[in-house]
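First the structure, in the form of C-alpha cells, and then the observations on it.
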Amino acid sequence: MISITKGDITKFSVDAIVNAANSSLLGGGGVDGAIHRAAGPELLAECRTLGGCETGNAKITKGYNLKASYVIHTVGPIYSQSRKDECQRQLQSCYKKSLELAVQNGCKTVAFPLISAGVYGYPKKEALKVAVETIEEFGKDLQVTIVLFSDDLIDITKEMFGELVK
C-alpha cells in the first residue's frame, strides 16, 4: 500500500525512513542533513563505518533519536538529460534496494522522501512517476509513505496521483 503526504520525514513513526544521502553517507543538506541532525551524532558515527555507498545502492543503520527504528540510506543519481535512461535505472534501483533492505530487516512501514528531486536536479514529475511505479512493483508487502516537504510537490502529486495523496 502506498500513500503520499506532506510532512517532515524525521518525525514519522515508521519502522524505517529512507535518507536521500550523498555517496559519503556523512550528512549533507536537505533531507540528509535533517535526518542526521534529528538522529543525533550516533548516526554519523555508524555511517563512518559503512565505507560510503554507490549511486543506486542502499545501506541501513539504526534510527537512534528518530521515531523510526532504522534509516535506509540511498544515493540517487545527479540528473543529466544526456544520461536520462541511466539516471532512471539508478533511481529505480534506489527504491528497489531500499525496499529490499526494509524487508530483510523485518520492516512493515517505510517512509521515503522524493529521491534526487532536490539539489540533484531530477525533474519532479519524472521522479514522482519512478517512485510510485517502483514502490508499487517492489513494495507490495509494505505500507509505504512518500513524504513531500513542499506545497509545489503536493500540487504536482495531486495532479498525477490524486488518489494517493493523504
Would you call residue 72 open to solvent by 20 Å² or more (accessible area, probe 1.4 Å), in contact (Cβ under 8 Å) with a residue 40 or more places away in the chain, within 16 Å of residue 99 (Cα to Cα) and under 13 Å from the mean Cα position of the chain (by Cα)? no
Restricting attention to the stretch 25-54, which residues are under 22 Å from residue 100 (Cα atoms), in contact (Cβ under 8 Å) with a residue 24 or more places away in the chain and either of a type outside the set (A, V, I, L, M, F, W, C) or in a loop (DSSP other than H, G, I, E, B) (or both)? 25, 50, 52, 53, 54
Output yes when any residue across the stretch 26-40 is farther than 20 Å from residue 118 by Cβ and open to solvent by less than 40 Å² (accessible area, probe 1.4 Å), and no when none is. yes
Given the criterion among the small types (Gly, Ala, Ser) and more than 15 Å from the chain's Cα centre (by Cα), identify the matching residue among 98, 80. 80
Pick from 52, 106: which is more than 18 Å from residue 12 (Cβ to Cβ), surrounded by fewer than 19 Cβ atoms within 10 Å (Cβ to Cβ), at pLDDT 95 or above and of a type outside the set (Phe, Trp, Tyr)? 52
Which one is surrounded by the fewest Cβ atoms within 10 Å (Cβ to Cβ) among residues in the stretch 55-67 that are charged (D, E, K, R) and in a strand (DSSP E or B)? 62
Does residue 112 meet the test of being of a type in the set (A, V, I, L, M, F, W, C), modelled with pLDDT under 95 and within 13 Å of the chain's Cα centre (by Cα)? no
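The values are calculated or read from the model by the stated rules, or taken from the named source; none is laboratory data. Please read these numbers as outputs of a predicted model, since none were measured by experiment. Neighbour counts are summed over all protein chains in view; Cβ atoms, including those assigned to glycine, are modelled from backbone coordinates with ideal geometry. Side chains included, ligands, DNA and RNA excluded: accessible areas come from the protein's heavy atoms. Shrake-Rupley method; radii C 1.70, N 1.55, O 1.52, S 1.80 Å.
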